[in-house]
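The structure's right below; bear with me while I get my questions together.
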Amino acid sequence: MSVRGTLGSDLLAATSVALLLIPQSMAYAELAGMPPWHGLYAAAAAPIAAAPFVSSKYLQTGPVALTGLLTAGALAGSAAAGSTAYIGLAAVLALVVGATRLVIGLLRWGGVAWLMSQPVLKGFTLGAALLIVSSQLPSALGATAPGETVLARATAVLTSPSTWTWGAVGLSAVTVALMRGGPRVHRFFPGLPMAAALGIGLSLAGVAAGPTVGDVPAGLPRPTLDLPWSSLPSLVLPGVVIALVGFAEAASISRTFATEDRERWDPDREFVSQGVANLAAGLFAGFPVGGSFSRSSLGRLAGAKSRWSGALTGLLVLAALPVAGALAPLPKAVLGATVVGAVAKLLDPRPLLAMWSRSRPQGAIAVTTLAATLASAPRVEYGVLAGIVLALVVHLWREATVEVPVDRDGDTLVLRPSGVLWFGTAAALEQRVVEALAAHPDVARLVIDLRGLGRIDYSGALVIDRIATDQRGEGLHVDLCGVPAHAGRIVGRVCCGPDELRSA
């Protein structure tokens with residue numbers, strides 16, 4: 001395709017994405033505790049900065065629900081939401097996230113994107129979705145409710161219909177219906193922009209009740225590093241967590257599209273792009289950003305052909321900032337419903353139930369991560385850390401365990417160890433052999449079938465050799481069989497007895 005054709009396709013895709021991004025970014029800013037128009041700042045600066053570095057030509061960077069929730073949690077209690085102090089802290093947090101991702105990418109440590117286990121991700125995602133939806137219910141229903149936690153306030157609102165503003169309820173229902181049902185009419189159906197336009201129209205007509213966005217400053221603020229750096233130490237941990245957890249969505253999007261198109265994807269380069277995007281968001285009074293699955297999918301469907309479609313999206317948002325004051329009458333019910341509609345599909349417990357049925361330890365990790373995420377709100381990063389720690393504990397427990405089933409066939413005793421044979425489990429294998437021979441003192445032959453072992457290190461091979469040598473000294477005929485191909489060299493060198501050594 002010609003350069004002009006590529007540019008035309010990218011511009012069409014960018015226009016489709018920008019129409020969705022403008023109301024979405026304002027909604028996610030509200031979720032993060034920021035004034036809505038700061039979402040527009042992040043939506044303009046981040047994709048423009050990321051474009052030269054992205055690995056996936058479809059990835060659309062900007063405000064997303066997950067980083068909005070994590071931002072609100074990280075800054076909870078540090079300053080009043082929406083205040084000047086809070087805005088400064090959010091900018092510092094974005095810079096921490098950006099620096100972390102940039103360092104990971106430049107050092108080519110992109111492999112850390114795969115280190116977070118699926119049980120942790122699934123448990124955290126469901127917990128985060130519950131918290132995100134709960135946090136937006138008061139706005140979507142036009143109600144206020146007492147309560148110290150997000151879940152408590154959501155429960156109070158849901159159980160008190162008398163506090164609802166029915167105009168807001170109706171507008172929220174229409175917004176969700178347009179968002180979810182629009183694509184069934186046509187894949188490019190502008191459901192959310194239509195809902196926003198409807199909300200503004202009803203507000204101007206005095207029909208829609210409830211709070212609105214209010215005055216929106218025109219233009220992009222000047223970049224600044226005049227920020228509350230004294231708070232940096234307290235933001236390092238949540239910033240690193242956001243950098244890693246938030247990257248999972250961008251990685252999943254890019255990897256999925258690359259697989260479908262049979263194209264190469266570079267996680268190191270994507271870390272750099274996401275790092276630069278967050279640095280730009282922080283410099284221009286934004287908050288942490290990430291990759292959006294819905295916007296990336298829309299851009300791909302709309303015909304994006306190159307990485308510059310993301311930059312064009314940011315430029316279109318930037319061009320809209322001088323007239324952003326027209327969004328002042330937008331009811332906040334539309335913003336709340338926007339978040340609810342975008343996240344509702346994640347409220348699906350079936351992946352956790354399936355995981356529980358297939359593997360109780362991994363299911364327990366997912367459920368524990370879910371519970372820890374809900375319990376630690378608003379500091380949900382602690383829920384992620386709890387899940388990671390438990391996953392490591394389970395992994396170490398499984399690594400430290402070797403199963404040794406024993407079968408007897410006439411005068412032959414067969415042992416079939418399974419697991420990983422390393423210095424931490426070698427002694428357990430030796431002890432199990434001793435116990436098995438003590439229970440069957442009359443056997444004449446010992447067969448150790450090694451095909452169930454996923455790995456054998458030097459210490460494990462030494463133990464196998466010692467078992468074989470000792471039992472041959474006691475008059476037993478010892479066979480080692482099923483030696484895994486990857487362990488053939490070390491076992492062959494260490495276990496050099498007179499009996500036959502057979503590979504798997």
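The values are calculated or read from the model by the stated rules, or taken from the named source; none is laboratory data. Predicted, not measured: the structure shown is a model, and the values here were computed from it. Because the Cβ atoms are built from the backbone with ideal geometry, glycine has one as well, and the counts that use them run over all protein chains shown.
Restricting attention to region 135-161, report how many residues are surrounded by fewer than 21 Cβ atoms within 10 Å (Cβ to Cβ) and either outside any helix (DSSP H, G or I) or acidic (Asp, Glu) (or both).
8
Checking the conditions here, which among 406, 384 is more than 23 Å from the chain's Cα centre (by Cα), surrounded by 15 or more Cβ atoms within 10 Å (Cβ to Cβ) and in contact (Cβ under 8 Å) with a residue 12 or more places away in the chain?
Answer to the selection: 406.
Then there is this: State yes or no: is residue 165 of a type in the set (Val, Ile, Thr) and more than 30 Å from residue 253 (Cβ to Cβ)?
Taking the combined requirement at face value, the residue satisfies it.
Assess whether residue 132 counts as being within 17 Å of the chain's Cα centre (by Cα), part of a helix (DSSP H, G or I) and β-branched (Val, Ile, Thr).
So residue 132 fits the description; yes.
Condition first: buried (at least 24 other Cβ atoms within 10 Å of the Cβ) and in a helix (DSSP H, G or I). Can you find one or more residues in region 76-84 that meet it?
No: zero hits.
Could you go through region 361-381 and let me know if any residue there is hydroxyl-bearing (Ser, Thr, Tyr), over 26 Å from residue 240 (Cβ atoms) and out of contact with any Pro (no Cβ under 7 Å at 6 or more places or on another chain).
Here is the first cut: in region 361-381, the residues hydroxyl-bearing (Ser, Thr, Tyr) are 368-369, 373, 376.
The next check asks that each one be over 26 Å from residue 240 (Cβ atoms); those that pass are none.
Checked region 361-381: no residue is hydroxyl-bearing (Ser, Thr, Tyr), over 26 Å from residue 240 (Cβ atoms) and out of contact with any Pro (no Cβ under 7 Å at 6 or more places or on another chain).
Next question, about the same structure. Please go through region 414-465 and pick out each residue that is more than 45 Å from the chain's Cα centre (by Cα), under 21 Å from residue 489 (Cα atoms) and at pLDDT below 90.
465 - this is the single residue of region 414-465 that is more than 45 Å from the chain's Cα centre (by Cα), under 21 Å from residue 489 (Cα atoms) and at pLDDT below 90.
Taking the condition touching a strand residue (DSSP E or B) at 6+ places or on another chain (Cβ under 7 Å), assigned by TED's automatic domain parsing to the domain that holds residue 45 and at pLDDT 90 or above, does residue 285 pass?
In short, no.
For region 316-345, what are the residues that are under 30 Å from residue 263 (Cα atoms) and surrounded by 18 or more Cβ atoms within 10 Å (Cβ to Cβ)?
316, 317, 342, 343
Against the definition (of a type in the set (Asp, Glu) and in a loop (DSSP other than H, G, I, E, B)), how does residue 465 come out, yes or no?
Values: of a type in the set (Asp, Glu): yes; in a loop (DSSP other than H, G, I, E, B): no.
No, not satisfied.
If only one of 256, 313 is surrounded by 17 or more Cβ atoms within 10 Å (Cβ to Cβ) and either part of a helix (DSSP H, G or I) or not small (Gly, Ala, Ser) (or both), which one is it?
Details: 256 fails: surrounded by 17 or more Cβ atoms within 10 Å (Cβ to Cβ).
Result of the check over 256, 313: 313.
Moving on. Being assigned to a helix (DSSP H, G or I) and of a type in the set (D, E, K, R) is the filter; apply it to region 259-285 and report the residue that is surrounded by the most Cβ atoms within 10 Å (Cβ to Cβ).
270
Continuing with this model, one more query. Do we have any residue at all in region 480-489 that's farther than 26 Å from residue 398 by Cα, touching a strand residue (DSSP E or B) at 6+ places or on another chain (Cβ under 9 Å) and modelled with pLDDT under 80?
We begin by selecting, within region 480-489, every residue farther than 26 Å from residue 398 by Cα; these are none.
No, there is no match, as no residue in region 480-489 is farther than 26 Å from residue 398 by Cα, touching a strand residue (DSSP E or B) at 6+ places or on another chain (Cβ under 9 Å) and modelled with pLDDT under 80.
Quick one: would you say residue 456 is in contact with a strand residue (DSSP E or B) (Cβ under 6 Å, 6 or more places away or on another chain) and either crowded, with 17+ Cβ neighbours inside 10 Å or on the phi > 0 side of the Ramachandran plot (or both)?
For residue 456, the condition - in contact with a strand residue (DSSP E or B) (Cβ under 6 Å, 6 or more places away or on another chain) and either crowded, with 17+ Cβ neighbours inside 10 Å or on the phi > 0 side of the Ramachandran plot (or both) - is met.
Taking region 209-219 only, how many residues are assigned to a loop (DSSP other than H, G, I, E, B), at pLDDT 85 or above and either surrounded by 17 or more Cβ atoms within 10 Å (Cβ to Cβ) or outside the structural domain of residue 282 (by TED's automatic domain parsing) (or both)?
2
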